[in-house]
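Report on the following structure.
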C-alpha cells in the first residue's frame with residue numbers, strides 16, 4: 001500500500017516567460033527545501049545526538065545541520081554577492097565535508113563544534129538573507145550559470161543532496177535518539193520475494209550528457225557529451241532483494257575471498273562485515289533498520305549494500321550460473337532509463353518510489369513497474385561498473401570547483417536511478433552522482449549478463465589536462481633548465497636558514513604542494529592549505545600515491561605528457577610529515593595554530609583583503625615564530641578591490657609602495673629580520689613563460 005505523500009514542488013525550469021513568476025517559483029522551491037531539511041533534523045530528539053559519530057568516517061550531524069547554510073554564504077562571498085560574513089567561526093568549521101578518502105581513515109576529529117542552538121540561530125539568519133536576495137536579485141531568463149539565481153539554485157540542490165546523505169547517517173544512529181513522524185513514514189508492506197529473471201535488452205547507439213531539452217539546473221559533470229554504442233545485454237527484472245542476497249550470504253559469500261575484488265578483500269578484512277550495513281541480527285532473527293524504525297527483514301525489499309558487496313554478489317552469481325554476470329554500466333542503465341518516458345519536471349505522479357512521493361523507506365521490488373523492468377528509477381540507487389569522469393566538453397563551475405573533479409580519480413563509481421528520498425536534481429533523468437566503492441547510501445543494485453568478461457567502460461583519463469592546473473604542476477614538479485633554480489626550492493632554503501631543525505610550519509596558498517614537501521625536509525610537521533580544491537586534490541594524490549601525471553601544452557593543440565614522482569624528487573621520505581587541507585586563509589579553522597613558521601609565497605597578491613589576511617597570521621604563530629612573505633606586489637584587480645591594496649598608489653600626495661603598506665600592518669607584532677629577492681619563472685607552454693621578481697621578507701614575532 002502506498003502512502004499518499006504531498007507532491008513536492010517541481011524544480012524551476014531555467015527558461016520561461018515571466019521573471020516574476022520565476023522568482024516566485026524559486027522562492028517556493030527554496031522554502032520547501034529548507035523546511036524539508038529542518039523536518040528531517042527535527043527527528044533527532046536530543047542535542048547530544050548531534051555530536052555523536054555513528055559513521056566514523058563522516059562528521060557528526062551538527063556539521064551537516066550547519067553545512068548547507070554555510071554553503072550559501074561561502075558561495076555568495078566567493079561570487080562577491082555579499083562582502084561580509086554572518087559568523088566567520090561557524091562558516092569555517094562547517095565549510096568542508098568529508099569524501100571518505102579511505103574506508104580505514106579513522107583520524108580523530110579536531111573540531112570545537114558549535115551548539116545546536118547557535119546553528120539553528122545561524123540558519124535562521126541565512127534563511128532571511130536568501131529570501132531577501134531572491135526578492136531583490138536581478139533576474140533574466142533563461143537563467144545562466146554566471147547569475148545569482150544559478151548560485152541560489154546550486155545552494156538549493158546542494159541542500160537536497162544533504163537531505164539524503166544526512167538521512168543515511170541517521171539510519172546509523174541509536175534509534176532511541178530519533179522520533180517517528182507522520183511526515184517520514186516507512187512502507188509497511190512486506191512479503192516473500194519474487195524470483196528474479198534476466199530480460200533481454202537491445203543495444204543501441206546513444207549520447208550521454210544532459211541534453212538541451214533538459215531545462216533544469218545541472219551539476220557540472222552532467223554537461224558535455226559522450227557518444228557510446230551499447231551491445232545487446234540482459235538485465236535482472238528486479239533489483240536484488242534481501243532474499244536473493246541472503247542466498248549469497250548463506251553460501252558463505254562474506255567468507256569466500258575469491259568473490260571479492262582486492263579492494264573488497266581489504267575492506268572485509270578491516271570491517272569484519274558479515275552482512276549488509278542496515279541488517280541487524282537479534283535473537284536469531286534478521287531485522288532491517290530504516291530511518292526511524294526497525295522491522296523484521298523484509299525479504300521482498302531491495303538489499304542496500306556498497307559497490308564492493310554488490311560486485312562480490314555478481315561474481316558469486318557468475319560462478320553459480322556459469323555466465324558473465326556483472327553490474328550495469330552507466331550507458332546500459334541509460335538504455336533502460338529511456339524506456340521510462342517521463343521525467344520529474346513533467347510527471348504528475350512519480351512512477352516509482354522516488355521524490356518522497358510514496359514512502360520514507362524502500363518498498364517491495366515488485367511494486368513499481370516501469371516498462372519491462374521494475375525500479376529502473378527509485379526505491380534505492382543502483383551501483384554501476386562505471387567510474388565517474390567528465391564528458392567531452394566538461395567545464396568546472398568556478399564557484400564550486402570541488403563538486404565533481406575530486407571524484408574523477410577512478411575510485412568513485414556512479415550510482416543511478418535515485419532512491420525514495422531523492423528529490424530535485426537527484427530525481428531527474430540526467431543526474432550523475434558517484435561515491436567511493438565502500439560508501440553506504442540508500443543504494444542497491446541490479447545485475448546484467450553480457451557475452452564477454454570485458455566490461456565496456458572507458459577508463460578515467462589519468463592525465464591532468466586543464467591548462468592552468470597543468471602549468472602549476474609543471475612549475476612545482478617539472479624539470480628545470482640548468483640555468484634556472486626553482487623558486488619554491490629557494491623559498492624552502494630561505495626558511496631553513498632561519499629556523500632550527502624541527503618545529504611546525506604552515507604554508508598558505510600551497511597550490512599543488514611542492515613547497516610544503518620541501519619544507520618538510522626541515523620541519524617535523526607541515527600543514528599546506530589552499531582555497532582551490534583541485535590544487536589540494538593533486539597534492540593529496542602525490543602524498544598518498546607518490547606520483548602524478550599531467551599534459552602540458554607545447555604549442556597550439558600539441559601537448560607533452562609528464563610523469564613525476566616523489567621518489568625521483570627525493571621527497572618520498574617526508575610525505576608523512578605533510579598534511580594538505582582545503583581552506584580559506586582569511587578564515588582558518590581554530591586548530592591551525594601553534595606554528596614556528598608561516599610561509600606565504602605569491603599569495604598576498606591573490607587574497608581579497610591583504611591587510612586583514614596579514615593581521616590574522618600573528619595569532620597562529622608561537623612567540624618568536626617567523627613569517628616569510630614572498631610577493632611581487634602585483635595586485636590582481638579581479639581578486640582585490642583597489643581600496644584594499646597595500647600600496648602601489650599615492651597617499652596624501654606621496655608614493656606608498658606595497659612593502660611600506662605591508663610593513664605598516666606587520667610592525668605592531670613583528671620585526672623585519674631579512675629581506676631579499678627571488679625570481680619566479682612560470683612556464684605557460686614550451687615557448688612562453690612569465691617572470692616575476694618577488695620581494696622576500698622574513699619577520700619575527702615579538
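Read-outs throughout are calculated quantities, based only on the coordinates presented, and are distinct from any laboratory measurement. What you see is a predicted model; the values in this text were computed from it and never measured. Ideal geometry is used to build each Cβ from the backbone, glycine not excepted, and the neighbour counts take in all protein chains shown.
Residue exposure proxy: 231, 516, 431, ordered by other Cβ atoms within 10 angstrom of their Cβ from fewest to most, comes out as 231, 431, 516. For region 467-701, the alpha carbon positions stretch 52, 41, 32 Å along the principal axes, listed from largest to smallest. When the square roots of the Cα gyration tensor eigenvalues are ordered a ≥ b ≥ c, the ratio a/c for region 19-177 is 1.5 or more and a/b exceeds b/c, which makes its shape prolate. Shape class of region 232-359 from the alpha-carbon gyration tensor: oblate, with a/c at 1.5 or above and b/c at least as large as a/b.
Note on residue 693/residue 51: beta-carbon distance plugged into 1/(1 + (r/R0)^6) with R0 of 45 Å gives a FRET efficiency of 0.35. Sorting 354-366, 616-628, 562-574 by their mean Cβ neighbour count within 10 Å, with the most densely packed peptide first, gives 354-366, 616-628, 562-574. What base-10 log of the normalised intensity I(q)/I(0) is obtained for the chain from the Debye formula, alpha carbons as equal point scatterers, at q = 0.11 Å⁻¹? Reported log10 I(q)/I(0), two decimals: -1.24. In degrees between 0 and 90, to the nearest 10, how far off the longest principal axis of the chain does helix 533-545 point, with axes built from Cα atoms? Taking the Cα atoms of the chain, the angle to 533-545 is about 80 degrees. The protection proxy used here, the mean number of other Cβ atoms lying within 10 Å of each residue, ranks peptides 636-644, 331-339, 251-259 as follows, highest first: 331-339, 251-259, 636-644.
Give me the percent of DSSP beta bridges within region 597-666 that run antiparallel, rounded to the nearest 5.
Values: 3 of 8 bridges.
Roughly 40 percent of the DSSP beta bridges within region 597-666 come out antiparallel.
Pulled fully out, how much extra length does the chain show between residue 263 and residue 39, if you take 0.36 nm times their separation in residues and subtract their Cα-Cα distance? Please list the in-between numbers first.
On the way: separation 224, 0.36 × 224 = 80.64 nm, distance 3.76 nm.
Between residue 263 and residue 39, full extension yields 76.9 nm more.
DSSP finds beta bridges in the chain, and of those with both partners inside it, around 75 percent are antiparallel. For residue 180 and residue 198, the difference between the fully extended length at 0.36 nm per residue and the C-alpha to C-alpha distance is 2.6 nm.
Cα extents for region 198-450 along the principal axes, largest to smallest and rounded to whole angstrom: 54, 39, 39. Between region 545-587 and region 189-237, the alpha-carbon centres lie 36 Å apart.
Sorted fewest first by neighbouring Cβ atoms within 10 angstrom, 67, 59, 586 come out as 586, 59, 67.
Just check region 136-211 against the gyration tensor rule for me: Cα atoms, a ≥ b ≥ c as the square roots of the eigenvalues, rounded for a/c under 1.5, and otherwise prolate or oblate depending on whether a/b exceeds b/c. Write down the numbers at each step before the final one.
Numbers: a/c = 3.24, a/b = 1.21, b/c = 2.68.
Oblate is the answer for region 136-211, as a/c is 1.5 or above yet b/c matches or exceeds a/b.
What is the antiparallel percent of DSSP beta bridges lying wholly in region 467-701, to the nearest 5? Before the final figure, lay out each step's value.
Numbers: 31 of 51 bridges.
Antiparallel bridges: around 60 percent, rounded to the nearest 5.
When the chain is fully extended, how far beyond the present Cα-Cα distance does residue 320 get from residue 13, taking 0.36 nm per residue of separation?
On the way: separation 307, 0.36 × 307 = 110.52 nm, distance 4.80 nm.
Length gained between residue 320 and residue 13: 105.7 nm.
Modelled this way, with points 7 Å down the Cα-to-C-beta line, the labels at residue 274 and residue 120 are 4.2 nm from one another. For the pair region 129-156 and region 11-81, the centres of their Cα atoms are 15 angstrom apart.
Alpha carbon centre of region 367-395 versus region 659-702: separation in Å? That distance is 52 Å. The label-point distance for residue 572 and residue 31, in a model that sets each label 7 Å from Cα toward Cβ, rounds to 6.2 nm. Cα axis of helix 148-170 to longest principal axis of the chain: angle in degrees, 0 to 90, nearest 10? Computed tilt is about 60 degrees.
Scoring 399-409, 43-53, 220-230 by mean Cβ neighbours within 10 Å over their residues and listing the highest first yields 399-409, 220-230, 43-53. For the chain, the longest principal axis of the C-alpha atoms and the axis of helix 19-41 are separated by about 80°.
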